[in-house]
Amino acid sequence: MSESEVDVAIIGGGLVGASLALALAPTGLKTALIEVVAPDANAQPSFDDRTTALGNGTRRSFEALGIWSQVTLRAAPIRRIHVSDAGRFGFARLEANECGIEAFGYVVTNRMLGTALRSAISNLPNLDLRMPAKCTGVVLHEQGVELATEPAASLLRARLVVAADGADSKVRAAAGLAASIEDYRQVAIVSHVRSSRSADGTAYERFTAQGPFAVLPLFDGAYGVVWTLAPEAAERVLAFTDEDYLAALQREFGWRIGSLLSVGKRNAYPLRLSRAETLTGQRVVLIGNAAQGLHPVAGQGFNLGLRDAATLAELLAEVARRHGRAADVGASQVLQEFASRRSADREGVTRFTDGLVKLFGDTRPGVPLLRDLSLLLFDLSPTAKQALSRLSWGFAGRTPRLGRGLGVML
Ligand SMILES: Cc1cc2nc3c(=O)[nH]c(=O)nc-3n(C[C@H](O)[C@H](O)[C@H](O)COP(=O)(O)OP(=O)(O)OC[C@H]3O[C@@H](n4cnc5c(N)ncnc54)[C@H](O)[C@@H]3O)c2cc1C
């Protein structure tokens with residue numbers, strides 16, 4: 001069996017793990033990235049047809065990481081947001097220029113973002129890129145970590161293992177870190193749709209009794225549609241022909257974007273809130289969905305996960321700069337500092353997202369009325385809109401250097 005040694009081993013090369021590998025490049029730390037899906041595989045689950053709304057903090061980070069010029073070519077800015085309570089009177093409109101920003105976010109497909117990240121990490125001098133390779137065992141010691149990988153059974157030693165292996169993280173389980181899971185009993189059906197009216201920078205978010213319905217602009221004039229339904233209804237809708245599916249979408253959403261003409265492949269995502277009780281353990285740290293998997297209602301999951309990666313990279317860069325080759329990036333003080341820097345942002349975004357799902361799913365007498373009045377009040381309040389637009393930069397706590405457009409190194 002072959003053996004090798006690195007400072008940091010990242011398990012999972014999805015959107016968040018790949019971003020961390022890129023962010024660590026200037027630190028000089030020896031890093032390994034282990035991803036089970038082959039780089040050119042269309043099956044890569046993190047890089048599928050989903051659309052992701054990248055916030056302004058994420059845009060800044062990608063600028064600092066040198067990939068924004070590529071991403072922006074296929075990104076659609078969200079300049080307006082229209083929020084409504086389906087079948088009721090409550091609605092609110094937000095205009096980016098009234099909030100002093102160019103856009104609330106930029107919509108890209110995960111596939112395109114994955115391609116940009118993958119090409120950026122394909123040739124980094126300090127990165128041992130193992131793709132496809134599966135991490136099959138994790139043993140945590142006081143002084144380091146031993147990782148078993150397949151194929152080509154090999155042993156990898158690291159000072160720190162980063163779990164970026166998604167909501168069902170095996171690394172998290174191997175480290176004995178508990179996570180709570182709440183099933184929302186909702187399924188998001190994602191598709192790309194063309195209509196008689198091209199996307200013009202407006203994003204629509206409608207709250208329905210079964211869950212939120214989002215229509216997002218895409219760079220080529222099409223729309224990314226996220227239709228959330230109860231599991232039984234989702235099963236029925238997934239079995240529709242394209243024609244019936246478009247007719248059902250049109251009935252549900254109305255004619256705001258004209259008549260719906262064609263639809264691409266449909267993918268379904270059962271929605272859950274998963275939340276690790278602690279972010280770190282002995283020589284292990286959780287980031288991205290391995291730390292928290294959120295409902296997509298507010299488009300926050302990746303943005304939050306990227307701030308995990310940016311904060312970790314910045315912290316490890318500080319340790320490497322102070323201690324050089326002797327740097328112990330997995331020391332418990334380093335991990336405690338990471339958990340403390342991430343706490344407010346993580347808590348805030350998780351509560352905000354979960355609260356939105358529950359507020360708009362609440363049908364108790366009086367609640368829908370109060371909700372609609374609040375939406376109308378919100379519509380009249382520039383201050384409330386300014387406050388909401390700040391979510392695009394991060395929720396609370398310290399903004400990592402990358403999120404401010406700076407490199408990870410001081
Ligand atoms: C419908 C929908 C819409 C969304 N919209 C938005 C949005 O608009 N904005 C936003 O910010 N977020 C959004 N999100 C959330 C976002 O997609 C996720 O937060 C993000 O993809 C998480 O990335 P990740 O890299 O942490 O995890 P994942 O994408 O789950 O990646 C984990 C990776 O680990 C690999 N892996 C797993 N086990 C192993 C192993 N043992 N060995 C090696 N590799 C392994 C997997 O192959 C995978 O590539 C949305 C989510 C959904 C479902």
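The values are calculated or read from the model by the stated rules, or taken from the named source; none is laboratory data. Treat the numbers as computed from the prediction; the structure is a model and nothing was measured. Here the Cβ positions follow ideal geometry from the backbone for every residue, glycine too, while neighbour counts run over all protein chains shown.
Return yes or no: is L271 over 20 Å from the mean Cα position of the chain (by Cα) and surrounded by 12 or more Cβ atoms within 10 Å (Cβ to Cβ)?
Criteria not met by L271.
Please give the number of the condition R342 fails out of (1) part of a helix (DSSP H, G or I); (2) away from the ligand (no atom under 16 Å from the Cβ).
Going through (1) part of a helix (DSSP H, G or I); (2) away from the ligand (no atom under 16 Å from the Cβ) one by one, R342 breaks only (2).
Quick one: in the range 304-329, which of the residues that are within 16 Å of the ligand (Cβ to nearest atom) and under 16 Å from R401 (Cβ atoms) is surrounded by the fewest Cβ atoms within 10 Å (Cβ to Cβ)? If you could, list the steps in order and put the result at the bottom.
The initial filter retains those residues of the range 304-329 that are within 16 Å of the ligand (Cβ to nearest atom), namely 304-313.
Narrowing the set further to residues that are under 16 Å from R401 (Cβ atoms) leaves 306-313.
Values: L306: 28, R307: 31, D308: 29, A309: 27, A310: 28, T311: 25, L312: 29, A313: 29.
Going through the qualifying residues, I end up with T311.
Among the candidates A153, A214, single out the residue that is surrounded by 22 or more Cβ atoms within 10 Å (Cβ to Cβ), modelled with pLDDT under 95, within 16 Å of the ligand (Cβ to nearest atom) and not charged (D, E, K, R).
On inspection, the qualifying residue turns out to be A214.
Of a type in the set (S, T, N, Q), in contact (Cβ under 8 Å) with a residue 60 or more places away in the chain and surrounded by 15 or more Cβ atoms within 10 Å (Cβ to Cβ): which single residue out of T363, T350 fits that description? Give the steps one after another, and end with the answer.
On the way: T363 fails: surrounded by 15 or more Cβ atoms within 10 Å (Cβ to Cβ).
After ruling out the rest, the residue left standing is T350.
Just to verify a result, which residue in the range 126-147, among those that are in a loop (DSSP other than H, G, I, E, B) and within 10 Å of the ligand (Cβ to nearest atom), is surrounded by the most Cβ atoms within 10 Å (Cβ to Cβ)?
A133
So that you can scan it fast, the table gives a plain yes or no per residue for (1) in a strand (DSSP E or B); (2) of a type in the set (S, T, N, Q); (3) at pLDDT 95 or above:
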{"position": "G176", "(1), (2), (3)": "no, no, yes"}
{"position": "S180", "(1), (2), (3)": "yes, yes, yes"}
{"position": "D183", "(1), (2), (3)": "yes, no, yes"}
{"position": "V187", "(1), (2), (3)": "yes, no, yes"}
{"position": "R194", "(1), (2), (3)": "yes, no, yes"}
{"position": "F207", "(1), (2), (3)": "yes, no, no"}
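Among the residues of the range 254-276, are any over 14 Å from V162 (Cα atoms), at pLDDT 95 or above, part of a helix (DSSP H, G or I) and not small (G, A, S)?
no
Residues are listed down the side, and each one gets a yes or a no for (1) away from the ligand (no atom under 16 Å from the Cβ); (2) more than 21 Å from L376 (Cα to Cα); (3) modelled with pLDDT of 95 or more; (4) in a loop (DSSP other than H, G, I, E, B):
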site: V71; (1), (2), (3), (4): no, yes, yes, no
site: I101; (1), (2), (3), (4): yes, yes, no, yes
site: R118; (1), (2), (3), (4): no, yes, no, no
site: L124; (1), (2), (3), (4): yes, yes, yes, yes
site: T149; (1), (2), (3), (4): no, yes, no, no
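Looking at F352, F360, F302, which one is in a helix (DSSP H, G or I) and either hydroxyl-bearing (S, T, Y) or at pLDDT 95 or above (or both)?
When all the criteria are applied, what remains is F302.
Testing F89 on (1) at pLDDT 95 or above; (2) away from the ligand (no atom under 16 Å from the Cβ), one condition comes back false. Which one is that?
Condition not satisfied by F89: (1).
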